[in-house]
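Since the structure comes first, as structure tokens, the remarks are kept for the end.
A short reminder: the numbers here are calculations on the coordinates, not readings from a lab. Predicted model, so just to flag it, every value in this text is computed and none were measured. When we count neighbours, we look across all protein chains shown, and the Cβ atoms used for this are built from the backbone with ideal geometry, even at glycine.
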Amino acid sequence: MNPIVLIFLVFYYVVVVAIGFWAIKKGGAKDLEGYLLGGRKVGPLVTAMTLQSTSMSGYMFLGGGSAGYTTGYWSIWYAVGDIGGGVVNLSILGRRMRKLSKILGSLTSIEYLEHRYPHAATRLISGGLSVFLLFFYVLAQFIAGGKGMALVTGLPYGAALAIAVGIIMLYTFMGGYFAVAYTDFFQSMVMVLGMIWIFTATLIHVGGFTAVNEAIGNIDPTYLSIWGKDLANRFAWSDLLGAVLIFSVGYMGWPHVVTRHMAMASPKTARLAAVYSTIWNLFFVTAPYLLGIFAIIVLPNLADPEMAIFTLAEELLPAAVTGIVMAAIMAAIMSTADSILLQVGTIASRDLYQRFFHPKATDKQMVWVSRILVAVVGIVGLIIAIFNPPGVFAVTIFTTSVLGSAFMPAYVCAVWWKKANTPGALASIIGGAITAFLLEKLGFTINPMLGGLVVSWALMIIVSHATQKSHPVADHIIKAMDEAIKLGPIPKDMLAKSDFNLAQEANGINKKIDK
């Protein structure tokens, strides 16, 4: 264990926790809107960085490097979609979703779906599906954290995993969107700094792109093909489109990401946030896949491809710089894990427990429901990660494909199509999720993301048209959608009479912090 690397990592954790406490005190959680959405006062730069860092996760440092190492230049198709993902997301959903969610009085992404597609089933199905899938997504972050911690500390994987999960859960218990957003901002800066550093050092080591391509061509020229090693994906247009779609439009269906639109300071925040997110993506997105490709030359006998970027940093960088890169990797993991755990706790407490089981739940009960589920997710995830850890790349692609297929049409149509109704949304969510799941598990040649989106969109359009007479969209929703299109502030008479002073989670968290 290198003490310098460990010092940098500990320093990073201290800074993150300090920022978290500062953000809680500054942003506050005086009411439920403050706790869940940061009071809807997050500016464009922080919005862009929390959107991107939450979307990227530990997948980029483990899964991205692994994809490059095992498939060569085929992996770049994932980056092609990812570079423009932020601007696409913010342009299509950003301003309109911010206004519509405010008008409807929605405080969570799942509550927003029920308000737009009014029926208890919308919330029950969406909430249950989200909790199930987000569990596997956070499992991937735990595995990434355990592997990274093991490499840095020299501890056995199981012990390192327990420490990593413990730190993530402790940090998440601080609670509150404002705290998560500002720590994500700091973590995004660490992520891009670490990525640029290790990328530059590795590129110099291999002698530039021409030299590395020639060397790879001598090993196996199919690594250089857009169809992957051994041309395994030759003419697989379905997989190619799926790879591009999953990170370009797919994360418009991720509940923990679309929440970022609802928390913006104002609808116009989306425009500048789109610029910032694109700039950040240009520096960050392609680097992990390229590093995996470089590792084919530098680390020809690497046993675990997911450790490609970790190992490159350890072998090519000075100890102090390695510490920064390791902090960047943990930043990617933590910035996603805390957001997902916060989202799981929110959905469980507000969208499921309070909505269906205990509408008059007290502040203390709401806090403990949220925390108990977070603890359960953490413990179960820890056990699975220790005894049967799946690959980070595989888990991430599976969960994001199903989430995107299930929810992307529902979120997009919520602000863009006035005929999108409740039966259409329910059919789209259920059909898209089932299709993506079956395509993934049964091994069909059609890419799960592509197939899931086709079915989900088709069901939304067909079922909505077929049920217009029996389930017309309510006048107040159409009026709200018309207002969401307009520039300028929301008229006071259109603001929902939602009671933001319930503050179940917020009051409980504040009491814990003040003690």
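Observations on the model:
- 5 angstrom amide H check on Gly105, placed H, neighbours 5+ away: Ala496
- Helix 504-514 axis, angle to the chain major axis (alpha carbon atoms, nearest 10°): 60 degrees
- Cut-off under 5 Å, modelled amide H: who pairs with Ala236 long-range: none
- Each principal axis of the Cα cloud of the chain was taken in turn, and the coordinate range along them, longest first, works out to 66, 57, 43 Å.
- Here the label points at Leu487 and His465, each 7 Å from Cα along the C-beta direction, are separated by 3.4 nm in the simple model.
- Taking Phe444, Phe235 and counting other C-beta atoms within 10 Å, the order from fewest to most: Phe235, Phe444
- By the count of neighbouring beta-carbon atoms within 10 Å, fewest first, His471, His465 end up ordered His465, His471.
- Counting other Cβ atoms within 10 Å as a rough exposure proxy, the listed residues Ile397, Ile383, Ile333, Ile372 run Ile383, Ile372, Ile397, Ile333 from fewest neighbours to most.
- The chain: angle of helix 237-248 to the longest principal axis, Cα-based, in degrees nearest 10: 70 degrees
- Three-way shape call for region 278-405 based on the alpha-carbon gyration tensor, with the a/c threshold at 1.5: prolate
- Calculated FRET efficiency for the pair Trp417/His119, C-beta based, R₀ 22 Å, to 0.05: 0.80
- The stretch between Lys360 and Ile226, if pulled fully straight at 0.36 nm per residue, gains 42.6 nm over its current Cα-Cα span.
- Listed pairs Lys102/Lys360; Lys41/Lys102; Lys99/Lys418 exceeding 18 Å between Cα atoms: Lys102/Lys360
- The chain, helix-only ellipticity at 222 nm - DSSP H runs n ≥ 4, -39,500 (n - 2.57), divided by all residues, nearest 500: -24000 deg cm²/dmol
- Using alpha-carbon coordinates, inclination of helix 269-284 to the longest axis of the chain, degrees: 20 degrees
- From the largest down, region 182-228 spans 46, 25, 12 angstrom on the principal axes of its Cα atoms.
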